[in-house]
Amino acid sequence: MLYHAPMLMVIAPLTGALVLRISNRFLPKQIYKDLITFVSLLIPVFLLLVSLPRLREGAMVYEMGGWPRPYGISLVLDGLSSLMVLMLGTITICSFVYSLEKKELIPKPDDYYFLFLFMTTGLYGVFLTGDIVNRFVFFEITILTTYVLITYTGTKSSLRASYYYLVVGSVASVMFLTGIGLLYFFTGFLDMGALSVAIPGLSTNIRNIIFAFFLVAVGVKVAIVPFHTWLPDAHVSAPTPMTAVLAGVTVKTGAYILFKLFQIGFDTLLIRYLIVGLGLITALSAALVSMKYYDMKKILAWLTISHMGVITAVAALWNPGGVSAAILYLINHTLYKTLLFLSVGALIYLYGTADIRKLSLKRSNVILSIAGIIGLLSMAGLPPFNGFYGRYFLLETTRRYPILYGSLVGVHFLTALSVFRIFRLSCSESKTDDELTESIMVPLVVLSGLCLVGGLTTWAFMNNMVNPATFALMGGYYRTGFTWHLVYLNVISAEGVILILSLFGAYFVSEHTVDLRLDWSEGVLSEVSLPDSIRYIVIMIALLLLLNFL
Amino acid sequence: MTILVGLYGMTRTKNSIKMIMCLGIMGSGVILLFVSVGYIPGAGAPIVGHSAEMVDPLPHTVMLTAIVIDLATMALGLALVYHLYEEYGTLDVTDYLVGED
Amino acid sequence: MRKDICTFLLVLMIAFLLVQGLELSYEDKEDSEVDEYYKEHQEKTGADNMVEAILLDFRAYDTFGEVMVLYIAIAGVIILGKIVTGDDQS
Amino acid sequence: MTSLIVKTAGRALTPFILLSGLYVASFGFLSPGGGFQGGILLASGVILIMVTHGSKEVHRLAENIDWFETFGALTFLIVGLAGLLLGGYLFSNLLPDTPLMCIVLDIVIALKVFVGITAVFVYFFGMGVKEC
């Protein structure tokens, strides 16, 4: 029975969605629909927890239809995908519980659940499958549902955001398919396992050229700089529970696919340095752009871009240290960013606006303000919270690369500055009589608890989850046997001191300026028109090909 | 190359329906690519008993998937364009930026 | 206008570099290993049309995903209409 | 808007289009064709009737279209799950060495595509009518 676990993880939400769709006929009550959705979201997490002991012995491979591995389609549950699935399960359940409060989902909540379950299916499919075409198909399920879910607020700008995402995302899909086609031409395989054997046999030249297409596909999903144009709009105009999933998981699928592409052999020097460079540009510029806005959702969206840039840049070093640090930071980022987006949603629920000058974190609901402050401090990287440990390991592994090291500290500083800016500005006197319902509080409490516990138990997390994931990707570890004192003493090591000092520096700077507002890059980075963002794609392909040719 | 034509068309046009059309052109490009990937000189259709040597059927399968996904994306895109037109009253994508609400 | 010309030149350059770099040739093209396997086991599926055999048997899961994509798109178009018009009937 | 010629031609052609659609769908395992193509052909037959004869009748049909669609998707899933129960794997072939599985799946896909494409067309058609 355990053998079927990976398949059931994909099928369970899907069945739930289909049943939900026809449930109008025989189960008209809302409570049943909620129950169906909740159960079908819970099943995959339960299955994962059950199969965790089995996973210690090695990856679980499920062969669809009984056709053996390189020929049929297979589902693979290894260290990395189990970590991703755990993260996905947590976030989707939190988001779902939040969306039980239906004020924001004005038209038709059951349609929302239906699409949400389908999106979850697609994400599980992307994380679990071991076949590149299948990964494409499931990604397509994910983004097609996302296009519709973004418009759920029904505003003009949400339609526009959805259209932007549709055009850019479809170009990315076409590029992904082109890459697959070329890959099949040169290797004759579609299975990831067989590809990882076949691709290193190709010449560097061909690998670079094929990656030019994958770069666009993955870049749009991770939102590294020339391809990030869809992200802020989509994050801002989507309904809150959807934004949480978008920032928490959907963006991470891009990073996951990038890791997988590195793993199957697209790890030539040119590709890796290009991605390190793009990631660094992304990290710094997006953090700077985030200072420009007063809309809290927009600030968070730009910081998401920035942090994804950090993750891709460090992972592209492609040594076990960088990869494990990137994975740890990926998970941390998911937790605190979801928490933050949900608390912003709750603030919008209370005050009706996301403008940081008009809302107050301090005078709102107690639980909400604690959750929001934990999320913000975690993002700023204060030691007991999980954001710090991810940053620490990122810094520690990049000691040998001074430029990378410096930029990481810079990003840390800018993020902290953004956070303190939010603190300073959000102290208005506005009050509200609205009360938050339990369905909003519960995910906030759970996620802020996870942020704190995740920080405090980083050593166990590194040992039990991140190391197997790194092993599944690289076939080696960065360092084994993390113990609690090793991790807690990080605070007084060189990197820890640098991080905390820059935190205090940011606090100092924000205390002594009235309102830090940088207004730049209009039309280049932010507010890019659609033809221009396609132009960026053309330029990037041309750049990679040209670099390869030289 | 058809893919590139579509890509260029997308940078060139400002009309949102034309953009979706360019997506369609890019999709056709991918279909052509997959058909050519499966091609083997002198081989016939991939049906048993039809010809001695047959072309590679796997890319054809993937191509079918690509067609369907293209169709799905275009349907959704056109629906979006319709609603955008209803809301903004224009098909020009550069105008969509102006109307912040 | 200048942007358009630059983009056009870039696209031309991409095309040139792709043709140069990939050197696609069908001279020594053989059946891939996967394909050989499919041809050997085609009997089991009972379908003479190889494309169909792969579509519905070897890679049925893919086709399943594909059907779901179509389903989602159609449901999406209908739901989109409901969202935008704020229509809550039916 | 529609002349007699168009109406008659539509009436005369539709049965053949539908028939060829069914043929393509059900004999996909032997000859070029398959579920998707057959479904598109079927849909084009219905759309032809809609265009030539107005779409009131089809509109009434379209009200339950969600249900049909979900039914198609569920059937596909059930065939897969039956494979799981009887053959031990999801989507394993129930009846090896016979094309029955292919035929069933083909027809399910054809129906689903048919319903889906018709639904989208009806939907867009309806939007256009509203506008006028």
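The values are calculated or read from the model by the stated rules, or taken from the named source; none is laboratory data. Being a predicted model, the structure only gives us computed values, none of them experimental. Using ideal geometry, Cβ is built from the backbone for each residue, glycine included, and neighbour counts are taken over all protein chains shown.
Couple of notes before you dig in:
- Counted as qualifying within segment A:479-550 are the helices (runs of 4 or more DSSP H) with 1 or more residues that are in contact (Cβ under 8 Å) with a residue 60 or more places away in the chain, at negative phi and within 14 Å of chain C (Cβ to nearest Cβ), namely A:530-549.
- Among the residues listed as A:Leu284, A:Leu261, A:Leu270, A:Leu342, the single one being touching a residue at least 24 places away in the same chain (Cβ under 8 Å), among the hydrophobic types (A, V, I, L, M, F, W, C) and under 26 Å from A:Pro384 (Cβ atoms): A:Leu342
- Test for A:Leu350: is it free of Cβ contacts under 8 Å to residues at least 60 places away in the same chain and farther than 24 Å from A:Met84 by Cβ: no
- You will find that of B:Ser16, B:Ser51, the residue that is at pLDDT below 85 and out of contact with any helix residue (DSSP H, G or I) (no Cβ under 8 Å at 6 or more places or on another chain) is B:Ser51 and no other.
- Segment A:18-35, residues that are within 9 Å of chain D (Cβ to nearest Cβ) and either over 29 Å from the mean Cα position of the chain (by Cα) or modelled with pLDDT of 85 or more (or both): A:Leu18, A:Val19, A:Ile22, A:Asn24, A:Arg25
- Segment A:130-139: number of residues that are farther than 17 Å from C:Leu55 by Cβ and not in a helix (DSSP H, G or I): 1
- Single residue of segment C:4-41 satisfying the filter (in contact with an Asp or Glu (Cβ under 8 Å, 6 or more places away or on another chain) and modelled with pLDDT under 75) that is nearest to the other protein chains (Cβ to nearest Cβ): C:Ser32
- Among the residues making up segment C:43-60, those that are facing another protein chain (nearest Cβ under 7 Å), assigned to a helix (DSSP H, G or I) and more than 16 Å from A:Asp131 (Cα to Cα) are C:Glu43, C:Lys44, C:Thr45, C:Met50, C:Val51, C:Glu52, C:Leu56.
- Looking only at residues of segment B:30-76 that are among the small types (Gly, Ala, Ser), assigned to a helix (DSSP H, G or I) and within 9 Å of chain C (Cβ to nearest Cβ), we find that the one that is surrounded by the most Cβ atoms within 10 Å (Cβ to Cβ) is B:Ala72.
- Evaluation of A:Gly475 against the conditions (1) of a type in the set (Gly, Ala, Ser); (2) at pLDDT 85 or above; (3) more than 19 Å from A:Arg391 (Cβ to Cβ) shows that the sole unmet condition is (2).
- Residues being in contact with a strand residue (DSSP E or B) (Cβ under 7 Å, 6 or more places away or on another chain) and assigned to a helix (DSSP H, G or I) are represented in segment A:59-82 by at least one member.
- Within segment A:9-21, residues that are free of Cβ contacts under 8 Å to residues at least 40 places away in the same chain and within 19 Å of A:Met60 (Cβ to Cβ) sit with their Cβ atoms under 7 Å from residues that are in a helix (DSSP H, G or I) and not hydrophobic (A, V, I, L, M, F, W, C), at 6+ positions apart or across chains, in these pairs: A:Ala12/A:Ser40; A:Ala12/A:Pro44.
- Only listed residue being closer than 22 Å to B:Leu23 by Cα, touching a helix residue (DSSP H, G or I) at 6+ places or on another chain (Cβ under 7 Å), touching a residue at least 12 places away in the same chain (Cβ under 8 Å) and more than 11 Å from every other protein chain (Cβ to nearest Cβ), chosen from A:Pro232, A:Pro226: A:Pro226
- Any chance A:Ile31 is hydrophobic (A, V, I, L, M, F, W, C) and touching a strand residue (DSSP E or B) at 6+ places or on another chain (Cβ under 6 Å): no
- Matching helices (runs of 4 or more DSSP H) fully within segment D:22-132 where at least 3 residues are modelled with pLDDT of 75 or more and at negative phi: D:35-53, D:65-87, D:100-131
- Considering segment A:453-469, the residues that are touching a Phe, Trp or Tyr at 6+ places or on another chain (Cβ under 6 Å) and of a type outside the set (Phe, Trp, Tyr) include one that is nearest to A:Gly79 (Cα to Cα), namely A:Asn467.
- Failed item in (1) more than 26 Å from C:Tyr71 (Cα to Cα); (2) more than 14 Å from every other protein chain (Cβ to nearest Cβ), with A:Leu100 passing the rest: (1)
- The residues listed here are A:Tyr147, A:Tyr152; of these, the one that is facing chain C (nearest Cβ under 8 Å) and at pLDDT below 90 is A:Tyr152.
- Meeting the requirement of 2 or more residues that are surrounded by 24 or more Cβ atoms within 10 Å (Cβ to Cβ) and polar (S, T, N, Q), the helices (runs of 4 or more DSSP H) wholly within segment A:196-306 are A:240-245.
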